[in-house]
């Protein structure tokens, strides 16, 4: 699951561009800055709503690469009641089914953080991935053994969605890098210190809630 015990590797004191076990590079999405794994392959976003787009190498023969995309939709803004966030969480949940027929929420984890004074909502879900090939197309994928890590960021100048998805082993290989990416969320004028708190999170990162996924 997303919140793991702090490993010796993640606890190591590291240089500014070496976080945990992976070197990182700073990337920006409008006024936000993230620390991205240097091994991720940055791509040109295909749509205006995509602010960042990466292909994440599987490094496994015959296994598809994973992907990470950061979106910002100008009309999407949570009013403070959590309804927009909940709508997105439910949409993500609907993109997965379980082969045994159990609700996808039964194996999902939802956490809420405050990172550099920015509320961030995270979900970790796995199963058979059945998202539409394009929104509204009605044509769905059918990819067993997939996993998704999603984050909804209530930034001061707009809401952003971060989504990493792909074959479960590839996502697992990149869990620490995703955590670094999310925990590094900050405004451009806010410095980030890559030294972990007792629970493995960087300073100015606080776990504020743990919830059951809907």
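Below, the figures for the structure above:
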{"item": "Neighbour-count order for 211, 179, 163, fewest beta carbons within 10 angstrom listed first", "result": "211, 163, 179"}
{"item": "The stretch 73-166 - convex hull of alpha carbons, volume per residue in Å³", "result": "106 Å³"}
{"item": "Residues 59, 173, sorted so that the one with the fewest Cβ neighbours within 10 Å comes first", "result": "59, 173"}
{"item": "The stretch 110-214: C-alpha pair distances exceeding 22 Å, %", "result": "38 percent"}
{"item": "Residue of 83, 98, 53 that the Gaussian network model of the chain assigns the largest fluctuation, springs spanning Cα pairs under 10 Å", "result": "83"}
{"item": "Debye-sum result for the stretch 24-211 in log10 I(q)/I(0), which assumes one identical scatterer on each alpha carbon, at q = 0.16, 0.20 Å⁻¹", "result": "-1.06, -1.69"}
{"item": "The chain, helix-only ellipticity at 222 nm - DSSP H runs n ≥ 4, -39,500 (n - 2.57), divided by all residues, nearest 500", "result": "-3500 deg cm²/dmol"}
{"item": "Proxy reagent accessibility, fewest Cβ within 10 Å first, across 54, 73", "result": "73, 54"}
{"item": "For the stretch 19-117: rounded, prolate or oblate by the Cα gyration tensor [a/c cutoff 1.5]", "result": "oblate"}
{"item": "Selected from 46, 90, 204 as most flexible by GNM, with the chain as the system and alpha-carbon contacts under 10 Å", "result": "46"}
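Bear in mind these aren't lab numbers, they're just calculated from the coordinates by the rules spelled out. Keep in mind that what you see is a predicted model, and the values were worked out from it rather than measured. Glycine also receives a Cβ, built like all others from the backbone with ideal geometry; neighbour counts cover every protein chain displayed.
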